[in-house]
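The values are calculated or read from the model by the stated rules, or taken from the named source; none is laboratory data. Since this is a predicted model, take the numbers as computed values, not measurements. Using ideal geometry, Cβ is built from the backbone for each residue, glycine included, and neighbour counts are taken over all protein chains shown. Surface areas here come from the heavy atoms of the whole protein model, side chains and all, with no ligands, DNA or RNA. Shrake-Rupley method; radii C 1.70, N 1.55, O 1.52, S 1.80 Å.
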Amino acid sequence: PREEVAYVTCTYRETCIDQPDFLATIDLNPRSPYYGQVIHRLPMPNLKDELHSSGWSAGCTCFDNITTKRNKLILPGLISSRIYVVDVGSQCRAPKLCKTIEPVDVFWNCNKGYLSVPRSLPNGDILIANMGDPAGNGKGGFIVLDGETFELKGNWENECEAPPTGYDFWYQPRHNVLISSAGLVPKRAGRGFNPDDFKKGVFGRRLNVWNLSCRTLTQCFDLGEDSLPLSVKFLHNPDAAEGYVSCALSGIVYRFYKCEANNWAVEEVIRIPAKDVRGWIMPKMPAFTVDLIISVDDKYLYLSNWLHGDIRQYELSKTCKPRLVGQVFVGGSILRDGPVTVCRDEELKCQPEPLVIKCKRVYGGPSKLQLSLDGKRLYVTNSFYSTWDKQLYPTLVKEGSVMLQIDVDTEKGGLTVNKNFLVDFGKEPNGPCLAHDIHFRCGDSTS
């Protein structure tokens with residue numbers, strides 16, 4: 001089915017507006033008089049949670065599975081380490097908060113904090129990746145919620161197995177594997193993007209391979225110092241034993257795949273070169289690929305390039321050689337009329353033009369992506385993390401986020417900005433806010 005409602009996480013942290021974060025409900029039905037508008041806001045009961053990633057309590061990926069319902073949305077606080085459970089089943093256009101797990105419970109029971117990506121497990125429980133310990137030191141791993149009661153069950157992995165950092169993960173039950181990425185050290189990177197943090201272990205470098213049933217770490221791949229692997233995705237085919245991880249600071253996408261004797265291997269398949277620049281905080285501007293998403297038919301891979309400002313579409317007929325077939329700029333730090341001058345660029349002949357939709361200039365760069373089930377509509381928001389937004393895109397914080405729609409050519413490849421669609425989070429009743437994660441009630445390409 002076509003998506004008719006989207007749920008988007010929104011934060012007021014670092015905006016100088018003393019309001020709680022909220023979950024926005026967006027009308028995506030083109031026949032509706034409220035198309036492209038926020039039709040409901042569910043404010044959280046606390047301030048400065050930094051709602052970031054979200055996930056369903058049940059990952060119903062089989063359309064004929066009528067027993068599994070997407071009726072609860074899990075919202076972890078990246079900074080507060082608080083967990084909200086939101087009921088979207090009773091009234092899908094007006095969600096309600098039904099449970100809160102306080103940070104002290106996460107701290108005491110799990111010795112974890114800085115919660116990032118939640119996903120449902122095959123057994124019905126909910127797994128939430130974390131970035132650090134309660135003090136903000138780097139610490140990877142996962143906490144588990146009961147899939148029925150949403151009670152905190154404790155840590156997923158053994159204490160000795162916790163990686164130095166963590167952020168995202170994906171799994172393939174038929175191959176009994178879970179793969180997780182590295183992320184950042186919260187108390188250092190949480191203060192902002194600092195070039196002095198390079199070569200100090202602040203930015204992660206590992207890709208971790210886990211035995212899904214035994215919950216043990218079986219392999220680790222070092223993807224290079226300060227590579228910062230963030231987004232991890234398997235192919236959707238449940239028999240496929242391969243996927244991709246994007247490294248934000250190196251601009252490299254690696255393919256991971258199963259080889260002999262149940263071992264896994266990685267290979268570089270995409271490299272986005274840094275740009276030599278003037279007027280920025282470093283002489284070289286990395287690509288900074290925040291999100292990676294794969295269409296449900298496994299035909300295309302999409303990357304959001306937060307600093308350079310482009311969204312890229314790669315064709316996957318040869319999974320070991322993704323082919324660039326679509327690219328569109330929706331902001332970024334290298335726009336023609338901005339403070340940054342590009343001195344050397346291996347890809348572009350000139351700096352991109354600013355994007356204006358419905359008389360609104362779009363600031364910031366493409367961050368989180370979500371793709372319709374038919375693969376024809378790619379939605380994007382432009383806030384990565386409030387502290388880094390404020391530092392690198394101050395006008396974005398002042399003007400507020402947007403949510404855009406990119407029209408996709410699913411036959412030959414190609415991306416086009418839809419100039420008739422704009423969700424303007426700069427016009428919120430309580431003031432401009434920062435929008436991040438996107439999910440559809442009917443199902444999407446990441447659940």
Hey, V232 β-branched (V, I, T), crowded, with 23+ Cβ neighbours inside 10 Å and over 28 Å from Q351 (Cα atoms) or not:
yes
Among the residues listed as T387, T395, the single one being open to solvent by less than 40 Å² (accessible area, probe 1.4 Å), hydroxyl-bearing (S, T, Y) and either in contact with a strand residue (DSSP E or B) (Cβ under 8 Å, 6 or more places away or on another chain) or not in a strand (DSSP E or B) (or both):
T387
Qualifying residue in region 115-122 (condition: within 16 Å of S81 (Cβ to Cβ) and among the aliphatic types (A, V, I, L, M))
yes
Scan region 114-138 and report the pairs whose first residue is under 17 Å from P103 (Cβ atoms) and whose second residue is basic (K, R) and open to solvent by 10 Å² or more (accessible area, probe 1.4 Å), with Cβ atoms within less than 6 Å and a gap of 6+ or a chain change.
G132/K139; D133/K139; G136/K187
On the basis of being in contact with a Gly (Cβ under 6 Å, 6 or more places away or on another chain) and surrounded by 17 or more Cβ atoms within 10 Å (Cβ to Cβ), does D49 make the cut?
yes
Enumerate the pairs (first residue in region 35-50 and of a type in the set (K, R); second residue anywhere and assigned to a loop (DSSP other than H, G, I, E, B)) with beta-carbon separation below 6 Å, excluding pairs fewer than 6 apart on the same chain, so at least 6 apart or on different chains.
K48/R13
Go through the residues of region 316-336 one by one and say whether even a single one is exposed (fewer than 15 other Cβ atoms within 10 Å of the Cβ), in a loop (DSSP other than H, G, I, E, B), more than 17 Å from the chain's Cα centre (by Cα) and hydroxyl-bearing (S, T, Y).
yes
For region 294-315, enumerate the residues that are part of a loop (DSSP other than H, G, I, E, B) and surrounded by 21 or more Cβ atoms within 10 Å (Cβ to Cβ).
S295, W306, L307, H308, G309
Check L42 against each of (1) in a strand (DSSP E or B); (2) in contact with an Asp or Glu (Cβ under 9 Å, 6 or more places away or on another chain); (3) within 23 Å of Y379 (Cα to Cα) and name the one condition it does not meet.
(2)
How many residues of region 341-360 are open to solvent by less than 80 Å² (accessible area, probe 1.4 Å) and closer than 13 Å to M285 by Cα? The answer is 4
Test: D168 is open to solvent by less than 50 Å² (accessible area, probe 1.4 Å) and closer than 16 Å to H52 by Cβ:
yes
